[in-house]
1. Give the residue that is surrounded by the fewest Cβ atoms within 10 Å (Cβ to Cβ), with candidates limited to residues of segment 143-185 that are small (Gly, Ala, Ser) and assigned to a helix (DSSP H, G or I).
2. Mind listing just one residue for me: the one in segment 186-202 that is of a type in the set (Val, Ile, Thr) and surrounded by 18 or more Cβ atoms within 10 Å (Cβ to Cβ) and, of those, farthest from residue 144 (Cα to Cα)?
3. How many residues does segment 218-249 contain that are open to solvent by 50 Å² or more (accessible area, probe 1.4 Å), under 28 Å from residue 145 (Cβ atoms) and in contact (Cβ under 8 Å) with a residue 24 or more places away in the chain?
4. Go through segment 351-368 and count every residue that is of a type outside the set (Asp, Glu) and crowded, with 16+ Cβ neighbours inside 10 Å.
5. For residue 317, are the conditions met, namely being open to solvent by 10 Å² or more (accessible area, probe 1.4 Å) and free of Cβ contacts under 8 Å to residues at least 40 places away in the same chain?
6. Which residues, taken from segment 250-271, are assigned to a helix (DSSP H, G or I), open to solvent by 10 Å² or more (accessible area, probe 1.4 Å) and under 30 Å from residue 411 (Cα atoms)?
7. In segment 320-335, how many residues are of a type in the set (Gly, Ala, Ser) and either at negative phi or open to solvent by 60 Å² or more (accessible area, probe 1.4 Å) (or both)?
8. Given 293, 298, 310, 289, which one is under 30 Å from residue 25 (Cβ atoms) and part of a loop (DSSP other than H, G, I, E, B)?
Amino acid sequence: MWRFLLLFFCLHGLRDATGLSDPRLPGNIIRDHIKKYLDFSIDPCQDFYAHVCPAKFNLNFLSDLMNIKTELVHEHKKHDPKCIDSNEIFVGSYLYVNDSILDGFETADCAGRDNILKDVFNSNRVNYEQSKIELNAAVDALVASKLTKKLHRDARKLFEGLKNVMRKEFKRTPWAEHNHAVKKYEEALEKITFWTFSDAEHIINTALTKYEFSFNNCFKKLKTAYNDKVSTAFCKVMATNNATNFLHESTEQLLEMGLKEIINDRLALFNYMDNRIYMSNDFLLLMNTNDTTDLHGTLGFLLLHEIMHTFVFGYEDIENGNELYPYWTKHADCVAEQAAKTCETFKTVFAKDGESQGCNATITFEEDAADLAAYRLAYKLGKPKSTRKTVVENYESITKDEMFFYGAGIILCIPNAMDHTLFSGQPHSNNYQRLNSLMSQMNEFKTAFKCKDTDKMVQNKATECTLYGSKAPITRKNSSN
């Protein structure tokens, strides 16, 4: 009993923290990556992905980010004398019973009491391990949320700033103005909210409170008939049942978005139903930087990408009759044109025959469009200003302007992205093509790195593709079409 209570009060104590980010939280993660891994022998104007994500290191930046968060949580629990390792919690299974199973327990005979214990344990062994994993993950996510509390608040401010910039972009977009779509798009934007695990803390804390209450109530009844060891074991199962049942049956908001993804707290970043952006605690670590260029190049871009899923439309939106689609620009073919050209320039993705080009711009259209629209807007928000250099020679020579582009590059580093592969059928373009498409489209990239017109990254640019903002086309789609 006391082991669980110590854990609970450790978490309870964190609720009263001052909100300052823990000094052990790593800062400037993007710059640290650059110092360790960038290949300065490769000209960024020739192949930016190969420059940022050298194949020899087999990099997976987002996985590393998740591991950093996991280590921070474990270190906090290990060094806090009031905390215990959550592996010591005895976790039962999903028992579809509640405290009422103990009604009449105190008046039952020995055989009746024994039958209750046997039924509970013997019928629910199958789900034991999964339940243990789930409850441990919820506790770890709660600790991580407390450690990143200040970063959560900062991320929310950034999110609102991004929405304000988008609101202004709608008013500057010719096709939106001419088609009387500005108000509709603004209304849709207003509905989008920002969620992190911090918004679910009260639910997890309630589940832990139910555990404590259920355990104490159970233990008082059983200790009159059994020794403390038997009573404790049984009551832990009972308490876990009530806690996990609460999570699975009483939290509609979490269930709607995906309870498993939220509790696991591992690289979760998504747009739910076009009106809620969710971000897990590991992504919040990117907020801990004093460099606004890498902030907007990474987290700003990622958040805008998710927001843009509400305002760019793939074939599924068209088939499902998305209410905003009829007001969208006709000038969106440039997204597919750029994706196709990049697949030709940086050939790694092939069709089933292993020879012909395998990219499918129809399947990846919405993700590609969200990338392009979000990245242009993220750059406009950050607006880094600095002197230009002919070439990036080493870490010390990197300018603030260049740093913005490194942000998106690093978060897209994954193992084997430059290997030849068959088209996966996934909605995202291969990361190799995805990053180089973005950079080729950005005239600001060419300026920052002072690329020549003959350089591969510049040659890779297809039609100028601007979906939103003052440079977007005037073409419009009539709502009656």
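1. 161
2. Among those residues, the one meeting the criterion is 192.
3. 1
4. Final tally of qualifying residues: 7.
5. Answer is no for this residue.
6. Once the filter is applied, which keeps residues that are assigned to a helix (DSSP H, G or I), open to solvent by 10 Å² or more (accessible area, probe 1.4 Å) and under 30 Å from residue 411 (Cα atoms), segment 250-271 yields 253, 255, 256, 257, 259, 260, 261, 264.
7. 1
8. 289
The values are calculated or read from the model by the stated rules, or taken from the named source; none is laboratory data. Quick caveat: nothing in here was measured; it's all calculated off a predicted structure. Here Cβ is always computed from backbone atoms with ideal geometry, including for glycine, and neighbour counts include all displayed protein chains. Note: accessible area is taken over every heavy atom of the protein model, side chains too, but ligands, DNA and RNA are not part of it. Shrake-Rupley method; radii C 1.70, N 1.55, O 1.52, S 1.80 Å.
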